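Here the structure comes first, spelled out in structure tokens, and everything after it is commentary.
The values are calculated or read from the model by the stated rules, or taken from the named source; none is laboratory data. Just so we're clear, the structure is a prediction, and the values are computed from it rather than from any experiment. Virtual Cβ from ideal backbone geometry, glycine too; neighbours counted across all protein chains shown. These accessible areas exclude ligands, DNA and RNA; they are computed on the full protein's heavy atoms, side chains included. Shrake-Rupley method; radii C 1.70, N 1.55, O 1.52, S 1.80 Å.
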Amino acid sequence: MKNTRRQFLRHSAIAATAVAAPRLSFASTDEVAPFRTPYKYPGLILKATGKKGNFDEHSVDDPIVFRANGAFYMLYIGFDGIGYQTGLATSTDLLHWERVALVAPRDPSSKFTKYNIALSSILRNKQLRSNGEAIKINGRYLGAWNAYPSAGYEEGAAVLGLAWSDDLLHWQLTDPILYPQDGAPWEHGGLYRPDLMLDRGTYYLYYNAKTDTLPESVGGGWHEQTGVATSTDLKTWKRYPGNPVLRNGSRGSATYPATNPIHATQPPTPDARDSRFASNPFVVQHGCDFAMFYFGFNYERPGRACELLALSVDPYTFVKVPEVLIDTGAPGSIDETFAHKPSVITHEGVLYHFYCAVSGKYPNETRGIAVARSKPW
């Protein structure tokens, strides 16, 4: 029996030892300071409707926040018990959100989106201190999607594609541009959340992927790591030969900056917070440098997903920062189980970090959208 990603996280959390893993040392370098958002808002800012028949009846997940037409928008995933679909919400202050529409519904006639469609990226200004304005290409918005071919929550080996829109409400999907079987073994199990970035004429498509299911002798489940593909014409995409650019529990996991980041590969560290998953990349630029927000998950300890950071002087050689940006909360809080899947944006000089918060235990967990920021509420 194959486990889904969600089931894997759930089962691992249940099986995790009650003894918490030692916390990573907090970096004192100035490089980390601009990325910190220590002030969590205590409640969910978007949650499931609970209304039968709604695409987001059971849960909401994976926020992607940007600005367009003088307002803030959020692409988010809803789950109705059958599969993923994608909705759009809007806000004027990044705290109070109003649903707009289901903008990426599944297509019963499609081989790829019959059960699931996650429109999980939009091309936007990726400077850390920007308001995330969406960028149009030839007068149209550009997005990226991933889809799982089977019914259920992340069932089957997912593919990645692009999407185009004139109005943010109606999206035309391209054929897939990346298939798991065309990649290396680290991505044969399927491709997860894409993240688009444009820099000096080159399009970067970051994504994370999983291995095939591992033998029970090594704990079962799978590993997830992050890679990137590039294009100059949005038609031909080339995987970076050094993929994965973010590995499990290795590559500069001690300090930033490394003396020589491209050679800063270390053996996997099994007690690292990302020893199993280094997932859901959200890459921004800070001046001429690059930063990747991502979430980590450790199968052994403590069995809870958290938000992490890696920095680089280029789009490829990311070096991990030994600090948890957003950790799970205290028992009874909205993110007591998982705090993961980042998206960041700046408004009036304040950095906002959106993420998926999970509380409770399966089958009675609550999964919704949360936010933390760099300034107290």
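A quick yes/no check of all residues on (1) at pLDDT below 95; (2) polar (S, T, N, Q):
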position: Asn298; (1), (2): yes, yes
position: Asp327; (1), (2): no, no
position: Ile334; (1), (2): no, no
position: His340; (1), (2): no, no
position: Ala370; (1), (2): no, no
position: Ser374; (1), (2): no, yes
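Of everything listed in (1) touching a helix residue (DSSP H, G or I) at 6+ places or on another chain (Cβ under 6 Å); (2) assigned to a loop (DSSP other than H, G, I, E, B), the single unmet condition for Thr236 is (1). Quick one: in segment 129-155, which of the residues that are in contact with a Ser or Thr (Cβ under 7 Å, 6 or more places away or on another chain) and assigned to a loop (DSSP other than H, G, I, E, B) is farthest from Tyr203 (Cα to Cα)? The selected residue is Gly152. Among the residues of segment 156-173, those that are more than 18 Å from Ser109 (Cα to Cα), out of contact with any helix residue (DSSP H, G or I) (no Cβ under 6 Å at 6 or more places or on another chain), part of a loop (DSSP other than H, G, I, E, B) and open to solvent by 20 Å² or more (accessible area, probe 1.4 Å) comprise Asp166, Asp167, Leu169. Take the conditions (1) farther than 23 Å from Ala33 by Cβ; (2) modelled with pLDDT of 90 or more; (3) hydroxyl-bearing (Ser, Thr, Tyr); Ser312 misses just one of them, which is (1).
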